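Structure first, then comments.
The values are calculated or read from the model by the stated rules, or taken from the named source; none is laboratory data. These figures come from a predicted structure and were not determined experimentally. Because the Cβ atoms are built from the backbone with ideal geometry, glycine has one as well, and the counts that use them run over all protein chains shown. When the accessible area is computed, the model is the full protein with side chains, heavy atoms only, and any ligands, DNA or RNA have been set aside. Shrake-Rupley method; radii C 1.70, N 1.55, O 1.52, S 1.80 Å.
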Amino acid sequence: MELVVAVDRGWGIGCRGELLCRVSADLKQFRALTTGKTVLLGAKTLATFPGGKPLKNRRNIILSRRPDYTVADAEVAHSESEALALLSENEAAVVIGGESIYRLLLPYCDTAYVTKFDTRQEADAFFPDLDRDESWILTEESEPQMASETDSHPGMPYRFCTYRRKDSL
């Protein structure tokens, strides 16, 4: 399984239910990495999507502890084991957040696509620091790029990084 996340310098991913930065190149990368695959996400993350609707052109598995929770055009799992049981053996699946879902499913992931924003923002949700986790290694890193004038933080440097779980190499 893979995951996609965007972090600031402190590995922050969000504040008050919102992303820390909106950069069109990061959103394009997200689409490229998830389209045609199964995405796993929490109900709180789904609520932040336009209209609170599942992502198009993807199989959406929403994790929620609420037994009565349902979502049109998506499957709902109420536990980690239930979510994993919905996946077929060789199914391309990507974890897309939020914080508790990343922490829950990180042990099942072998690849992490991380957009690193070269800024520190106010954050109340965090992703585990893979640079300090001895079971992960940075295998690819793009040259720094600059956020465009239409992005939430124009001129802010960012880069795309790929981490791999060492035991999967």
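Points to keep in mind about this one:
- Each Cα pair under 8 Å and six or more residues apart adds its separation to the average, and for region 12-127 the resulting relative contact order is 36 percent.
- The chain: Lys pairs at Cα distance under 19 angstrom, eight or more positions apart or on different chains: 8
- Where only DSSP H runs of four or more residues are counted, the chain gives -4500 deg cm²/dmol as its mean residue ellipticity at 222 nm, each run worth -39500 (n - 2.57).
- Region 106-169 and region 37-51 have Cα centres spaced 20 Å apart.
- At a probe radius of 1.4 angstrom, the accessible area of the chain per residue rounds to 55 square angstrom.
- Taking the C-alpha atoms only, the angle from helix 24-34 to the longest principal axis of the chain is near 40 degrees.
- The fraction of accessible area contributed by carbon and sulfur in region 105-169 is 46 percent, rounded to a whole number (1.4 Å probe; ligands and nucleic acids excluded).
- Modelled spin labels at Ala32 and Ser148, positioned 7 Å past Cα toward Cβ, are 1.4 nm from each other.
- Where a label projected 7 Å from the Cα of Glu140 along Cα→Cβ would reach, residues of region 86-120 with amide N under 15 Å: 110-116
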